[in-house]
Amino acid sequence: MKGITGRLSTTADRVKKIVSDFIFGMSTYEIYRETLHIARSYKDSVYLLLLGEFLGIPFISNYYALRLLPYLVGELEAFKRRSLREKDLLEVMSEFDAH
């Protein structure tokens, strides 16, 4: 059985985790989310250049796209789903910042 010190240390660890998550959320969470969004858009741009034929965009298949295909197969379905998803005008406009 855990003694009182064991329970206090786990409680202190939980409080420390809650406080650190709160400070992270207040200070850098928005920047973190925006960075993930930009990284995903860059990744989708590279996929579009390499694998545009899968979406019906007529690009010339080149040697490098075929060489990179085995590394991209795992994420190909998610890329196709994101690219072919219908977007509403308000959803597109929400990406622009009015600051």
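The numbers here are math on the coordinates, done by the rules we state, and not lab data. For clarity, every value in this text was computed on a predicted model and none was experimentally measured. Positions of Cβ are generated from backbone atoms using ideal geometry, with glycine treated the same way; all protein chains shown enter the neighbour counts.
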Checklist entry - Among residues other than Ser27 whose Cβ falls under 15 Å from its Cβ, what is the net charge (Lys/Arg +1, Asp/Glu -1)? => result -2
Next on the checklist: Using the Cα centre of the range 4-93 as origin and beta-carbon charges of +1 (Lys, Arg) and -1 (Asp, Glu), tell me which of Leu51, Phe22, Ala12 is placed farthest towards the positive end of the dipole.
Outcome noted: Ala12
Item to check | Residues Asp44, Asp88, sorted so that the one with the fewest Cβ neighbours within 10 Å comes first | outcome: Asp88, Asp44
Next on the checklist: Can you compute the modelled spin-label distance between Arg33 and Leu49, with each label point 7 Å from Cα toward Cβ, in nm?
Outcome noted: 2.9
Next on the checklist: Counting other beta carbons within 10 Å of each residue's own, what order do Arg40, Arg81 fall into, fewest first?
Outcome noted: Arg81, Arg40
Next on the checklist: Apply the a/c threshold of 1.5 to the C-alpha gyration tensor of the range 4-93 and tell me whether it is rounded, prolate or oblate.
Outcome noted: prolate
Next on the checklist: What's the magnitude of the charge dipole for the range 4-93 around its Cα centre, counting Lys and Arg as +1 and Asp and Glu as -1 at the beta-carbon? Answer in Debye, nearest 20.
Outcome noted: 360
Next on the checklist: What does the charge count around Glu75 come to, taking other residues whose C-beta lies under 15 Å from its C-beta (Lys +1, Arg +1, Asp -1, Glu -1)?
Outcome noted: +3
Checklist outcome for this item: Residues Ile18, Ile4 in order from fewest to most other beta-carbon atoms within 10 Å are Ile4, Ile18
Checklist entry - Non-local amide H neighbours of Phe59 (under 5 Å, H modeled in plane, Pro and chain starts lacking H): which ones? => result Glu53
